[in-house]
Amino acid sequence: MSIRIYDVYLNRRNDLLVVPRGYPVPSELGESWSKRKRVRAVSEVIREQVEQRGYYRRRSCELMNKHRPG
């Protein structure tokens, strides 16, 4: 099993973007992204999306809606 390392980015709206280490930010996500950290461990959901699409993106509004009392 190889160790995978990911780069984590945030944009001005605090949306989260995870890409494999050394990969560029996808051009279709053309906003200004700022690299925050490099990580070795990500959740299974994030890892699967990175393998399928080449990146994982979560909008901050999705996170807020998830934690809002219903």
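Which value, in nm² and rounded to one decimal, describes the direction-averaged projected area of the C-alpha convex hull of the range 1-56?
So the mean shadow area of the Cα hull is 3.9 nm².
For Ile5, Ile46, what's the largest-to-smallest order of accessible area, 1.4 Å probe? Don't skip to the answer; put the middle values down first.
Working: Ile5 50, Ile46 25 Å².
My answer, sorted largest first, is Ile5, Ile46.
From the phi angles alone, apply the Karplus equation (6.51, -1.76, 1.60; θ = phi - 60°) to the range 4-10 and give each ³J(HN,Hα) in whole Hz, x where the residue is Gly or Pro.
The phi angles translate into 9, 10, 10, 9, 10, 10, 10 Hz.
Given points 7 Å out from each Cα along the Cα-Cβ axis, report the Leu29 to Ile5 separation in nanometres with one decimal.
Using points 7 Å along Cα→Cβ, the separation is 1.9 nm.
How long is the gain from Lys37 to Arg12 if the chain were fully straight, where each residue apart is worth 0.36 nm and the alpha carbon distance is subtracted?
7.4 nm
The values are calculated or read from the model by the stated rules, or taken from the named source; none is laboratory data. Quick caveat, the model's predicted, so the values are computed rather than measured. Cβ: placed from backbone, ideal geometry, glycine included. Neighbour counts: every protein chain shown. Note: accessible area is taken over every heavy atom of the protein model, side chains too, but ligands, DNA and RNA are not part of it. Shrake-Rupley method; radii C 1.70, N 1.55, O 1.52, S 1.80 Å.
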